[in-house]
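Q: What follows is a structure written as structure tokens; I'll ask about it next.
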Amino acid sequence: MTADDNGAGGDDPPLFYDRHVFFCVNERPDGHPRGCCKAKGSVKLRNYMKARAKELGIKRVRVNNAGCLDRCELGPTVVIYPEGVWYRCETTEDVDRVLEQHLRDGGRVKDIMLMPDDR
Ligand code: FES
């Protein structure tokens, strides 16, 4: 069976957004053993990313708030689809690099990229 036979994929409409950025803004109570991205500044960083994407003229990218992405210890966590590439964005400089190098220029920011085995 091919993708066209089962109706999957072949007739999909064009993408509405080229990419979605999911930025974890989950909050946990103080003292939770896993911590949370909000306590590491993710709300400000996410707001910065959204505003800066507009300033840079990066189009067809949606920067969304996300709930817990279950990689709390590595946060603030960001995942970009459809690539499925994860980053730890701790500073506005990290956000700028993801915007400019990944989202605008199609590259990667290797030193803050999370690998599947990172814990
Ligand atoms: S709180 Fe951000 S990944 Fe869990």
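The values are calculated or read from the model by the stated rules, or taken from the named source; none is laboratory data. What you see is a predicted model; the values in this text were computed from it and never measured. Using ideal geometry, Cβ is built from the backbone for each residue, glycine included, and neighbour counts are taken over all protein chains shown.
Conditions tested, residue by residue: (1) at pLDDT 95 or above; (2) charged (D, E, K, R).
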| site | (1), (2) |
| --- | --- |
| Thr2 | no, no |
| Asp5 | no, yes |
| Asp12 | no, yes |
| Asp18 | yes, yes |
| Lys59 | no, yes |
| Gly67 | yes, no |
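Q: Looking at Arg71 and the list (1) over 18 Å from Arg97 (Cα atoms); (2) crowded, with 17+ Cβ neighbours inside 10 Å; (3) away from the ligand (no atom under 16 Å from the Cβ); (4) of a type outside the set (A, V, I, L, M, F, W, C), which single condition is not satisfied?
A: Going through the list (1) over 18 Å from Arg97 (Cα atoms); (2) crowded, with 17+ Cβ neighbours inside 10 Å; (3) away from the ligand (no atom under 16 Å from the Cβ); (4) of a type outside the set (A, V, I, L, M, F, W, C), Arg71 breaks only (3).
Q: Does segment 12-21 contain at least one residue that is within 22 Å of Asp118 (Cα to Cα), crowded, with 19+ Cβ neighbours inside 10 Å and within 16 Å of the ligand (Cβ to nearest atom)?
A: Yes: one or more hits.
Q: Please determine whether any residue of segment 24-44 is under 23 Å from Asp117 (Cα atoms) and hydroxyl-bearing (Ser, Thr, Tyr).
A: Scanning segment 24-44 turns up at least one residue that is under 23 Å from Asp117 (Cα atoms) and hydroxyl-bearing (Ser, Thr, Tyr).
Q: So Gly84 passes all but one of these: (1) surrounded by 11 or more Cβ atoms within 10 Å (Cβ to Cβ); (2) within 21 Å of Lys110 (Cα to Cα); (3) not acidic (Asp, Glu). Which condition number does it fail?
A: Checking Gly84 against (1) surrounded by 11 or more Cβ atoms within 10 Å (Cβ to Cβ); (2) within 21 Å of Lys110 (Cα to Cα); (3) not acidic (Asp, Glu), the one that fails is (1).
Q: Ok, one more. Does Ala53 satisfy the criteria of being within 11 Å of the ligand (Cβ to nearest atom) and either assigned to a helix (DSSP H, G or I) or under 14 Å from Ile112 (Cβ atoms) (or both)? Steps first, please.
A: Numbers: within 11 Å of the ligand (Cβ to nearest atom): no; either assigned to a helix (DSSP H, G or I) or under 14 Å from Ile112 (Cβ atoms) (or both): yes.
Here the answer is no, as Ala53 does not meet what is asked.
Q: Still on this structure: Tell me which residues, restricted to segment 38-50, are more than 12 Å from Val63 (Cβ to Cβ) and away from the ligand (no atom under 12 Å from the Cβ).
A: Lys44
Q: Mind checking whether some residue in segment 108-119 is in a helix (DSSP H, G or I) and away from the ligand (no atom under 16 Å from the Cβ)? Give the derivation first.
A: Restricting attention to segment 108-119, the residues satisfying the condition of being in a helix (DSSP H, G or I) are 110-112.
With the extra rule that they be away from the ligand (no atom under 16 Å from the Cβ), the set shrinks to 110-111.
The answer is yes; a qualifying residue exists.
Q: Checking the conditions here, which among Gly35, Gly84 is in contact with an Asp or Glu (Cβ under 7 Å, 6 or more places away or on another chain) and either within 16 Å of the ligand (Cβ to nearest atom) or hydroxyl-bearing (Ser, Thr, Tyr) (or both)?
A: Numbers: Gly84 fails: in contact with an Asp or Glu (Cβ under 7 Å, 6 or more places away or on another chain).
The unique qualifying residue is Gly35.
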